[in-house]
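Below is one structure; the comments refer to it alone.
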Amino acid sequence: MKKLKTILFYFALAVSALLFVYPFYWMLMGSFAPENEIGSLTFLPNSVTLSSYSQMLDKIPIGGAFINSIIVASSITIGVLIFGSMIGYALSKLQFRGRDLIFYIIIFTMTLPFQITLIPQYIIMVKLGWIDTYLALIVPYLINALSIIMFRQYFKSIPDSLIDAARIDGCNEMQIIFRILWPNSLPAIITIGIITFMASWNEVLWPLIVIRDESLMTMPQLVTLFAVGGRAESQLGVKLASAVMLALPIVVAYLFFQKYFIQSMASAGIKE
Amino acid sequence: MINRKKILPYLLVSPYILHFLLFVSFPVAFSIILTFHKWNIISPMEYSGISNYIQLFNDKTFFKSIGNTLIFLVIHIPLQITIALFLAEILNQKIKLRGVFRGAFFLPVIVSGVVVTILWQQLYGFDTGLLNRIFTGIGLDKIGWLIDPKIAMPSIALMATWKNVGLYIVLFLVGLQTVPPQFYEAADLEGASHLQKFFKITLPMINPTIFMVVILSTIGGFSLFIEPYIMTGGGPLNSTVSAVLYIYKQGFFYYHMGYAATLGLFFALIILAVVVIQKKFIETEN
Amino acid sequence: MKILINVIIIISLAYCLTGCSSKKNSHNEILYWCSNNVDEINFAKEIAKEWNQGNPGRPVKYQPVPEGRSSEEIILAAVVGKTTPDIYSNMWQGDVEAYAQAGVLVALDTLKGFLDFIYERCDSAVIDEIRSGDGHIYQIPWKINPIMLIYNIKSINDMGLSGPPKTYSEFFDASKKFQKDINGDGYIDRWFGYSEVLVTWWQRFFDFYPLYLAASDGAHLVKDNKAVFNNEYAVEVFRFLQTLYKKNYFAREELTARQDVFLASVIATRFTGPWEIAHAEKFKPKGFEYDYTTMPVPDGHKGPVYTYGDPKNIVIFKSCKDPQAAWNYIKTMITEEGDLKLLEITNQLPRRKNLNRNPVFSNYFTNNPKMKIFAEESKYVKGTDASPVLKEVFDLISQEYEACVIYGEKTPEEAVKDAADAVNLLFIK
């Protein structure tokens, strides 16, 4: 009896897990099915075709958008890691006037809803002439309050003696940050790195606002406009193909680094 | 001779100061100024007094959009917490392949909202969508997921729950694991059932986690934009226009910059008020 | 410290690099942006070639509008970023007023020879239509694509009708006869007509607006910053469309995900323009015959039937260093020879008076008989009212359209009134 209960239990659990995975599988199958079959597709298409993909490649520069997303997300991640650690270091290990004030300001900005700064930030981009440039996509995101807080917290747990020893050896502050602290903060770096990369990869509202030139659009932005605009010509398969392409990079990364993804998001949530 | 040591900290935080001035304080100040002007980007700014505010208070669609956002939150948050708590509790037991199941639940979290929306737009299709095909297959009527004005926003809330519940399962798991096992052992000695243990021990102990989840979901829910933008464009009958979608339309489709800034300011104040109330509620609870 | 300096240098370099890539044209060149429609690019190529041969000192460089989400957004981005071309030939008439008021367009009536030429080419009614609020003229009417009723000749004959329906009653009558459930599954699968049920503002150009112009003999929607469409014509049009959907004469489901439903005889009519001809000729099944007629009008309507023409016009931006030379170039595009080339290369109608009687074009229309009806209709084609908030006006009308026509939640009277009230709110200062 107990065994039956266990089997039923795992079966129910498997079904619920499947609920979260099957739709992606359906999307993948749909992208390989001919247009008129998608309406009746459940598990496997009757015939497989690559036409959705070839049409998509014809209509939109998805490869270019992929590269744009890589450039933007990588730059932001690197910037956030560098600046976050610099400022987190200053706030956690150095003494100076105004240190606590800055810390509270950072906390305050985290509570500010973006809805209030959206329009003026766009106008600043216009005035600086940064519309339709990578700068508009990257610069506003280079400094991230959450990353500063997380670095500060993590650095606090690193013993001061380590840093003092390095100073005695003649290291300057930059070297302390990058040669001493970084190697000892891998968990924080991985966590912040993954969260930042994922968030900037998936960001779509801001690119929709500041980028009009198709050659500079990020991947989610291009796929959004493709799905909403008329270019897909209501062809389902092509829309699904573009969605698959958009999901692919992150899903692949997830399959390899699943543990890190989950841990990162969890610790970030708790810090908030 | 500049004392290098003394100015160094300021140099280190200077990028933040710059960023703060350029992307936080200036925008907020400019935003407030903008609310008293009319501007469409290509013409010069025109001082307009409080006419934007008057227009806001007469704007039925704007208040409908706030209402729509609230409907979304009211459905999405309790649903998400219930399901996440339930599944987290199950995963917290000694089960095999926990990592696999957790990984499956978490999959929609990392994928872009754009992908999820395009996918669910097909699932929700009236004629040939997967969900309605299943429904008619088992003898039920088709449902107008995205074309019935009363059901459209709940449909979006359902999709958002599906997308995010994995994250909250993980957060709850962390919270569940902080409950000292001695409590459960003591309850076992008294012959408590699983349900009793859950409601009398687990729930009170993970209250902080629950509150955190509520606040996170609230802030996230208020930024609802890309899902209605792609899925319904705000229809049918404006039932899925979220506040951010409406502000976006006013600012970046009609280029009513002054009015959009006014809407943004008003909406940001609402969000702050809601979050403050929630935090106060949590403090009194504790 | 070193790293910080390096970072600053890199950022400054990057800024320079991105800032330095401006699209400045050389001193003498006139930069002309055409639409990125293949035929129009070919047209631009020919006209530019001819001009450059005769005017080597003032070369014209043509360029299709840069890629982007919509050409309107590209133009806006160019205006904001101060990278506008000298000439742009694909501007939708509804957009011009906002740019005129912003002061980025050249007042063409101040150019030598402009007024004489334009009054010779265009109807005075058209010129009044394109005149801006301040009395100046900022756009040149170039081409139109009138919306008319395409119909399946065989389907009409099969129903025993003598011709396509002209009035609302005849339309309902034909719809009833054509409505059918072919495969017997309880759901209608054959409709007399179809119009997309999208709430997008421009969708109204294919249903509400041409019908409104037909019913009202070309009345305005907005005039002098007031909504003037709260009249019996708008109400009748709303009622007409609402009935079509209520009785399932028009399909409420989306039919565009299949192959062309008109050519497949799933629908017998459609509100569409001359661009459909090329598509129909290419894909029509054997024996399929079609033709065009005027938009349906309310019973009792007398006189010619007006319609909407999706006018695209030419503008000169103020950034142009020599507007007079730019005008001279544009002139070559819109002489009789230029207009004939436009017809032959792109199959789009020049907005020129007497198109159907001018002997220069008679050869073209003999060879393209289906285009003749558009030429005859061109006298009764209307564009859009000169208002800087036209997009919003159509958006507000669309929302009432959705509530009344598609969901039947309001009466036509209520919907039209609510739309007019909402539009009037736009103009409050």
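Each reported figure results from applying straightforward, stated rules to the coordinates on display, with no laboratory input. This structure is a prediction, so every number in the text was calculated from the model and none was measured. Glycine gets a Cβ as well: all are built from the backbone with ideal geometry, and neighbour counts include every protein chain shown.
Quick notes on this one:
- For A:Tyr104 and B:Tyr184, a Förster radius of 56 Å and the Cβ-Cβ distance give a FRET efficiency of 0.90, rounded to the nearest 0.05.
- A simple packing score, the average count of other Cβ atoms within 10 Å per residue, orders the peptides B:82-95, B:155-168 as B:155-168, B:82-95, with the highest score first.
- Equivalent-ellipsoid semi-axes for chain B (Cα gyration tensor, √(5λ), whole Å, largest first): 40, 31, 18.
- If the segment from C:Thr110 to C:Ala278 were pulled out straight at 0.36 nm per residue, it would be longer than the present Cα-Cα gap by 56.5 nm.
- Evaluated over chain A, the count of Lys pairs having alpha-carbon atoms less than 20 Å apart is 5 (only pairs 8 or more residues apart or interchain).
- For C:Glu414, the shell of other residues with beta-carbons less than 15 Å away shows a net charge of -4, using +1 for Lys and Arg and -1 for Asp and Glu.
- For the segment A:83-94, counting C-beta atoms of other chains within 10 Å of every residue's C-beta and taking the mean gives 4.
- Among the trypsin sites (Lys or Arg not before Pro) found in region C:166-212, not one is both in a DSSP coil and sparsely packed, with 16 or fewer other Cβ atoms within 10 Å of its Cβ.
- Peptides B:117-127, C:268-278, ordered by how many other C-beta atoms sit within 10 Å of their residues on average, highest first, read B:117-127, C:268-278.
- Pairwise label distance in nanometres, C:Ser319 with B:Lys94, each label 7 Å out on the Cα-Cβ vector: 7.3 nm
- Paramagnetic reach from B:Ser43 (point 7 Å along Cα→Cβ, amide N under 13 Å) across region A:93-136: none
- The mean number of partner chain beta-carbon atoms within 10 angstrom of a residue's beta-carbon across peptide B:168-176 is 3.
- Alpha-carbon radius of gyration plus Dmax, which is the widest Cα pair, for region A:24-271 in Å: 22.1, 73
- Region C:292-306 and region A:184-262 have Cα centres spaced 51 Å apart.
- Cα-based helix-to-principal-axis angle, C:412-426 vs chain C, degrees rounded to 10: 10 degrees
- With q set to 0.09, 0.16, 0.18 Å⁻¹, the log10 of I(q)/I(0) for region C:57-190, from the Debye formula over equal scatterers at the Cα positions, is -0.54, -0.89, -1.03.
- Over all orientations, the protein assembly as shown has a Cα convex hull whose mean projected area works out to 47.8 square nanometres.
- A crude spin-label estimate for the pair C:Glu289 and A:Leu128, with each label 7 Å from Cα along the Cβ direction, gives 6.7 nm.
- Tensor-based shape of region A:3-93 (alpha-carbon gyration tensor, a/c under 1.5 rounded, otherwise prolate or oblate): oblate
- Counted charge near C:Gly133, where neighbours are those whose Cβ lies closer than 10 Å (Asp, Glu -1; Lys, Arg +1): -2
- Between B:Ile81, B:Ile201, B:Ile147, the residue with the greatest mean-square fluctuation in the GNM of chain B (Cα pairs under 10 Å linked by springs) is B:Ile201.
- P(r) of chain C over all Cα-Cα pairs, binned every 20 Å from zero, in whole percent: 23, 52, 21, 3, 0
- Rounded to the nearest 10 degrees, the angle from helix A:2-32 to the longest Cα principal axis of chain A is 80 degrees.
- Build a GNM of chain C with springs between Cα atoms under 10 Å apart, and of C:Ile47, C:Ile334, C:Ile182 the one that fluctuates most is C:Ile182.
- Highest-MSF residue in chain C out of C:Leu221, C:Leu255, C:Leu390 [GNM, Cα springs under 10 Å]: C:Leu255
- If R0 is 56 Å, the Cβ-Cβ spacing of C:Asn248 and A:Leu4 corresponds to a FRET efficiency of close to 0.60.
- Euclidean distance between Cα centres, region C:96-166 to region B:151-190, Å: 63 Å
- Pairs spanning more than 27 Å between alpha-carbon atoms, out of C:Lys166/C:Lys246; B:Lys64/C:Lys176; B:Lys96/B:Lys163; C:Lys166/C:Lys372: B:Lys64/C:Lys176.
- Stretch gain in nm, segment B:Thr82-B:Asp148, where the contour uses 0.36 nm per residue and the Cα spacing is subtracted: 21.2 nm
- Span-like helix ranges in chain B, DSSP H, alpha carbon extent 20 angstrom or more, Kyte mean at least -1.0: B:4-20, B:60-92, B:152-176, B:207-222, B:257-285
- Taking every residue in B:267-276 and counting other chain Cβ atoms within 10 Å of its Cβ, the average works out to 3.
- Here the peptides C:370-382, B:207-219 are ranked by packing, the mean other Cβ count within 10 Å, and the order with the highest first is C:370-382, B:207-219.
- Between the beta carbons of A:Phe96 and A:Tyr260, assuming R0 = 51 Å, the FRET efficiency works out to 0.90 to the nearest 0.05.
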